[in-house]
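The values are calculated or read from the model by the stated rules, or taken from the named source; none is laboratory data. Please read these numbers as outputs of a predicted model, since none were measured by experiment. A quick note on method: Cβ atoms are made from the backbone with ideal geometry, for glycine too, and the neighbour counts reach across all protein chains shown.
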Amino acid sequence: MTYRTAPQSNPRWNRPRKIAQGNLIYLFNEKVDGVLLPYVGQSGNGRGRLLTHIRKGKYAGGEILVKAAGNNKLLRELAERSRIREFTGGRNVRASDAVANLVSPISDARYALLKREGKI
């Protein structure tokens, strides 16, 4: 198996034995065309969403890193976008093969609009 940018240990992220409910962003390895790539996600029901990923075979083993992510969807989406951009070197997710994610939760256009409106 080839590793490109697998999740690295980071003291800001937790490696829980039991994943709590609530607003989370999460990171795990997904196998895409024989290559392990990081997948970043977010959910208001983090535990349930991770279990869905596992049931559907998206999770390819290894650590699952989680981090609390604010108390609303916009904060979770911003945190997910930021983490994806760390892996892609600031590039749009569609222009990068560094992550398993196919889309970003916040497009460049929406991000610019949120900035203009003073929401971020």
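Things worth noting here:
- Number of positions in the range 38-68 that are out of contact with any strand residue (DSSP E or B) (no Cβ under 6 Å at 6 or more places or on another chain) and assigned to a loop (DSSP other than H, G, I, E, B): 6
- Candidates V32, V93, V40, filtered to the one that is β-branched (V, I, T), within 23 Å of Y111 (Cβ to Cβ) and touching a residue at least 60 places away in the same chain (Cβ under 8 Å): V40
- Which numbered condition P16 fails, given (1) at pLDDT below 85; (2) closer than 21 Å to A98 by Cα: (2)
- The single condition from (1) surrounded by fewer than 17 Cβ atoms within 10 Å (Cβ to Cβ); (2) at pLDDT 90 or above; (3) not β-branched (V, I, T) that S9 fails is (2).
- If the condition is being over 16 Å from P38 (Cβ atoms) and not in a helix (DSSP H, G or I), then the range 96-120 contributes I106, S107, E117, G118, K119, I120.
- Residues satisfying the stated conditions in the range 96-112, i.e. among the β-branched types (V, I, T) and either out of contact with any Leu (no Cβ under 6 Å at 6 or more places or on another chain) or without any contact (Cβ under 8 Å) to a residue 12 or more places away in the chain (or both): V103, I106
So that you can scan it fast, the table gives a plain yes or no per residue for (1) assigned to a helix (DSSP H, G or I); (2) among the basic types (K, R); (3) loosely packed, with under 15 Cβ neighbours inside 10 Å:
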{"residue": "L74", "(1), (2), (3)": "yes, no, yes"}
{"residue": "E77", "(1), (2), (3)": "yes, no, no"}
{"residue": "R85", "(1), (2), (3)": "yes, yes, no"}
{"residue": "R94", "(1), (2), (3)": "yes, yes, yes"}
